[in-house]
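Got a structure here, written out as structure tokens. Questions coming.
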Amino acid sequence: MVRPAHTPETIARGRRLGAFLRQARGDRSIAEVAAAAQISAETLRKIETGRLATPSFTTVAAVANALDLSLDEIAAQARGTDAALPA
């Protein structure tokens, strides 16, 4: 099965997601968060840089859990709506 090309909006949503996760990670290393989420550091790096515009739900859920974020917060940020980072 061939995936259709990403639209500009899909790419922008992926970049917003990545920027939010990078900010939420704070001082924690990529390796530390990736290990907590049980994903590879390279996968997390690709998400944070926007090179993986459409990560799987299970991957996003694992990273959310590792960063103590709700999926609602992540979805709001990816959509570009205002949602503050947790304290």
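Pulled fully out, how much extra length does the chain show between ALA76 and ARG51, if you take 0.36 nm times their separation in residues and subtract their Cα-Cα distance?
Roughly 7.0 nm would be gained on extension.
In the chain, which whole DSSP H runs stretch at least 20 Å along their own axis (Cα) and average -1.0 or higher on the Kyte-Doolittle scale?
Helices meeting the span and hydropathy rule in the chain are 8-25.
Hey, another quick one. Over the chain, with a single point scatterer placed on each C-alpha, what log10 of the ratio I(q)/I(0) does the Debye formula yield at q = 0.12, 0.13, 0.20, 0.22 1/Å?
Debye intensities relative to I(0), on a log10 scale: -0.32, -0.37, -0.88, -1.06.
Quick one: if the Förster radius is 35 Å, what FRET efficiency do ASP27 and ALA5 give, using the C-beta to C-beta distance and rounding to 0.05?
Computed FRET efficiency for ASP27 and ALA5 comes out at 0.45.
Here's another thing I want to ask about it. Using a 1.4 angstrom probe on heavy atoms only, work out the carbon and sulfur share of the accessible area of the chain in %.
With neighbouring chains kept in place, the figure for the chain is 54 percent.
Mind checking the dipole of the chain: about its Cα centre, +1 per Lys or Arg Cβ, -1 per Asp or Glu Cβ, Debye to the nearest 20?
The calculated dipole for the chain is roughly 360 debye.
At 222 nm, what value in deg cm²/dmol follows for the chain if DSSP H runs of at least 4 each add -39500 (n - 2.57) and the sum is divided by all its residues, to the nearest 500?
Calculated from helices alone, the mean residue ellipticity at 222 nm is -18500 deg cm²/dmol.
The values are calculated or read from the model by the stated rules, or taken from the named source; none is laboratory data. Just so you know, these numbers come straight off a predicted model, no measurement behind them. Every residue, glycine among them, receives a Cβ derived from its backbone with ideal geometry; neighbour counts consider all protein chains shown. For the accessible areas, the whole protein counts, side chains as well, though only heavy atoms, and no ligand, DNA or RNA atoms are used. Shrake-Rupley method; radii C 1.70, N 1.55, O 1.52, S 1.80 Å.
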